[in-house]
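J.: Here you go, one structure.
Coordinate-derived values only; no laboratory data. In this text the structure is predicted, and so the values were computed from the model without any measurement. Cβ: placed from backbone, ideal geometry, glycine included. Neighbour counts: every protein chain shown.
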């Protein structure tokens, strides 16, 4: 098993990869659902999940089953249609990935397969959100998520419920897809969700997307150095800062990525 510094560095780089991975895809169906109110989902997801798990620890098992059921088909959609260079037959790769995650649960290979499924599922969830929320509002939703994450960690409101959620597992030794585990390190589902959502938000402008991915990698690895003095860090923060810096460093095209995508035919 790799050491904690190596493990957390790999997970931070995974976040950067998820920023770079989504491609712009038309979503005409989202026009009827398009609303700035959906921007509350990133921040709201932290508040709701932590509140539910803190109030009823048994709900963590329910959430583990929800992830087990939802993540594989969402990951298949990402593999077959949403990631850069995707091809429909790639969707079938979810089957051996799930088999490996199940057969090698607790081993590095199984953790890697489970992390791949959960991360790819977040690409699909991020694409749905980016297709339904105007770009400026979604940016503020990402910033709000990172802010609340940091506040919860600083106030030690996140650590207890997060430990319960991380430890929860479906029956018969099925893989845990509600947490991203690799070696000695763990990340929450929201940490990869925010990275994939940022990638989907910037997907129509490859230059800005790659800039954000590079910044996320550098900032994430630098942020990890704080583990020498802290036990828990809000991993959403480097991604949000990378998005904010990209907004400042790389000018946005006249019609932003989401607006362009929303007018394309399906």
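J.: Could you work out the relative contact order of the chain? I mean the mean sequence separation of Cα pairs under 8 Å and 6+ apart, divided by the number of residues, in percent. Show your work: numbers first, answer last.
T.: Working: 451 pairs, mean separation 91.3, N = 266.
Here the relative contact order equals 34 percent.
J.: What is the gain in length, in nm to one decimal, between residue 17 and residue 37 on full extension, counting 0.36 nm per residue of separation less the C-alpha to C-alpha distance? The partial results should precede the final answer.
T.: Numbers: separation 20, 0.36 × 20 = 7.20 nm, distance 2.77 nm.
Gain in length upon complete extension: 4.4 nm.
J.: By how many degrees, 0 to 90 and rounded to 10, does the Cα axis of helix 59-77 deviate from the longest principal axis of the chain?
T.: With rounding to tens, the tilt is 50 degrees.
J.: Let me ask something else about it. Using all Cα-Cα distances in region 11-87, what percent lands in each 5 angstrom bin from 0 up to the longest?
T.: Spelled out bin by bin, region 11-87 gives 3, 11, 11, 17, 25, 19, 10, 4, 0 percent.
J.: Using a 7 Å offset from the Cα along the Cα-to-Cβ direction at both residue 147 and residue 108, what is the distance between the two label points in nm, to one decimal?
T.: 4.1 nm
J.: While we're here: Whole number please: convex hull volume per residue of the Cα set in the chain, in Å³? Numbers along the way, then the final one.
T.: Working: hull volume 31.0 nm³, N = 266.
Cα-based convex hull of the chain, divided per residue, equals 116 Å³.
J.: Can you tell me the length gained on complete extension of the stretch residue 140 to residue 207, counting 0.36 nm per residue apart and subtracting the Cα distance? Please list the in-between numbers first.
T.: Numbers: separation 67, 0.36 × 67 = 24.12 nm, distance 2.08 nm.
Net length gain for the segment: 22.0 nm.
J.: Between residue 252 and residue 156, 0.36 nm times their residue separation minus their Cα-Cα distance comes to what? Display every interim value, and only then the final one.
T.: Details: separation 96, 0.36 × 96 = 34.56 nm, distance 3.72 nm.
Extending this stretch completely gives an extra 30.8 nm.
J.: Hey, what did region 1-109 get for relative contact order, percent, Cα under 8 Å, at least 6 apart?
T.: Values: 42 pairs, mean separation 25.5, N = 109.
Averaging sequence separation for qualifying contacts and normalising by length gives 23 percent for region 1-109.
J.: Turning to a different aspect of this structure: Taking the Cα atoms only, what angle lies between the long axis of helix 206-224 and the longest principal axis of the chain, rounded to 10 degrees?
T.: Computed tilt is about 30 degrees.
J.: Cα axis of helix 189-202 to longest principal axis of the chain: angle in degrees, 0 to 90, nearest 10?
T.: 10 degrees
J.: Relative contact order of region 40-102: what whole-number percent is it, with Cα pairs under 8 angstrom and at least 6 residues apart? The partial results should precede the final answer.
T.: On the way: 29 pairs, mean separation 11.8, N = 63.
The value is 19 percent.
J.: Per DSSP helix of 4 or more residues, -39500 (n - 2.57); summed, then divided by the residues of the chain. What does that give at 222 nm, rounded to the nearest 500? Please report the intermediate quantities before stating the final value.
T.: Working: 11 runs with 169 residues, N = 266.
Computed ellipticity for the chain at 222 nm equals -21000 deg cm²/dmol.
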